[in-house]
Amino acid sequence: MNTKYAYLAACLTIFANQAHSAQDNPYHHEIELGNISTTDDISGGFFYGNYTYYFDAVEQNGPYRLNGFLAQSSELSARTIDGDNHGLSGRWVIDDQWYIGGGIFLPDNDFLGDTYTISGGYFINAYTEAYASYSYREGEDDFSDSEQDNLSIGIRTLLPVANSAGVYLSASYEYSELEVSNRESGLGDFSFDDDWWRFNAEWFLNKRWSIGGFYTLRDGDDFYGVKTDYTWRITDSFSLYTGLTNYIEPDADDLLLNLAINWRF
């Protein structure tokens, strides 16, 4: 068995044996270890780890997956992908409504290059956030240098719905501009830009389970699909998260699978 799946299976066994009626205690720390793959090639996925510290205690009153969003707290985060690509990010809430933030992502690949981000946002109410961000990336390989600028703005909200935990909606616009300079004579330099519109809707039937869909428009081409996820509360601190995504356009023969263990304390 693949090492990372053996680890997840072992942890799940331990937690399941200790399962009892979990209490929704407030938390400051959140650690998540997981894997994203496809149902057709589970061993071909990638491992990730995230840690977030919330300056204010996070209540677990709404959907479990959205507790961090609803907390509207200052925070610091660290993440890793496959143990080789690392990132740091954070935000500072200034007056309970405005916040500023930033981050850096350091991939183990010179062609991808380091990415630096600055961001800011405004909490319109207890369930709604508007935000904007700018990021800059610089990369290189044996033949060329590249620079990329990204600008993104968006809004997201959780709407109350009777007999459920609410409907989560998000929409964003992203503009990206890439410039490539070739070192080889005769190849020339080039640049191009991209526009992305992203829309997402999820209905949380309860605090654990959601179903939804997403739509992306990129320079006249559209991409869309459906998804579902479930958070299984195992103990007061540990949960198992499972998510499935099906891309309808472009048509995919397999599903995207996200399996993770979450620790809050």
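Looking at the range 184-205, which of its residues are aliphatic (A, V, I, L, M) and either loosely packed, with under 12 Cβ neighbours inside 10 Å or part of a loop (DSSP other than H, G, I, E, B) (or both)? If the condition is that a residue be aliphatic (A, V, I, L, M) and either loosely packed, with under 12 Cβ neighbours inside 10 Å or part of a loop (DSSP other than H, G, I, E, B) (or both), then Leu187, Leu205 are the ones that fit.
I need the full set of residues from the range 87-118 which are of a type in the set (Ser, Thr, Tyr) and out of contact with any Lys or Arg (no Cβ under 7 Å at 6 or more places or on another chain), in order please.
Keep residues of the range 87-118 that are of a type in the set (Ser, Thr, Tyr), which gives 89, 99, 115-117.
Ser89, Tyr116, Thr117 - these are the residues of the range 87-118 that are of a type in the set (Ser, Thr, Tyr) and out of contact with any Lys or Arg (no Cβ under 7 Å at 6 or more places or on another chain).
A count restricted to the range 206-253 and to residues that are outside any strand (DSSP E or B) and crowded, with 17+ Cβ neighbours inside 10 Å stands at 4. Beta carbons closer than 6 Å, at least 6 apart along the sequence or on distinct chains, pair a first residue in the range 245-265 that is closer than 25 Å to Asn25 by Cα with a second that is among the aromatic types (Phe, Trp, Tyr) and surrounded by 15 or more Cβ atoms within 10 Å (Cβ to Cβ) for Ala260/Tyr241; Asn262/Tyr241; Trp263/Phe238; Arg264/Tyr27; Phe265/Tyr27.
The residue of the range 36-72 that is nearest to Arg264 (Cα to Cα), among those that are without any contact (Cβ under 8 Å) to a residue 24 or more places away in the chain and surrounded by 18 or more Cβ atoms within 10 Å (Cβ to Cβ), is Asn67. Scanning the range 38-46 finds no residues that are outside any strand (DSSP E or B) and under 24 Å from Pro160 (Cβ atoms).
What is the number of the single condition among (1) at pLDDT 95 or above; (2) touching a Leu at 6+ places or on another chain (Cβ under 6 Å); (3) more than 22 Å from Ala201 (Cβ to Cβ) that Thr117 does not meet? Looking at each condition in turn, Thr117 falls short on (2).
Scan the range 172-183 residue by residue and report those that are surrounded by 13 or more Cβ atoms within 10 Å (Cβ to Cβ) and either in contact with a helix residue (DSSP H, G or I) (Cβ under 8 Å, 6 or more places away or on another chain) or closer than 17 Å to Phe111 by Cβ (or both).
To start, the set of residues in the range 172-183 that are surrounded by 13 or more Cβ atoms within 10 Å (Cβ to Cβ) comprises 172-182.
Of everything in the range 172-183, those that are surrounded by 13 or more Cβ atoms within 10 Å (Cβ to Cβ) and either in contact with a helix residue (DSSP H, G or I) (Cβ under 8 Å, 6 or more places away or on another chain) or closer than 17 Å to Phe111 by Cβ (or both) turn out to be Ser176, Leu178, Glu179, Val180, Ser181, Asn182.
Are any residues in the range 233-256 under 27 Å from Asn61 (Cβ atoms), of a type outside the set (S, T, N, Q) and at pLDDT below 95, and if so, which ones? Arg233, Ile234, Asp236 - these are the residues of the range 233-256 that are under 27 Å from Asn61 (Cβ atoms), of a type outside the set (S, T, N, Q) and at pLDDT below 95. With respect to the conditions (1) exposed (fewer than 13 other Cβ atoms within 10 Å of the Cβ); (2) at pLDDT 95 or above, Asp84 falls short on a single one, namely (2).
The values are calculated or read from the model by the stated rules, or taken from the named source; none is laboratory data. Bear in mind the structure is a predicted one, so any value in this text is a computation, not a measurement. Virtual Cβ from ideal backbone geometry, glycine too; neighbours counted across all protein chains shown.
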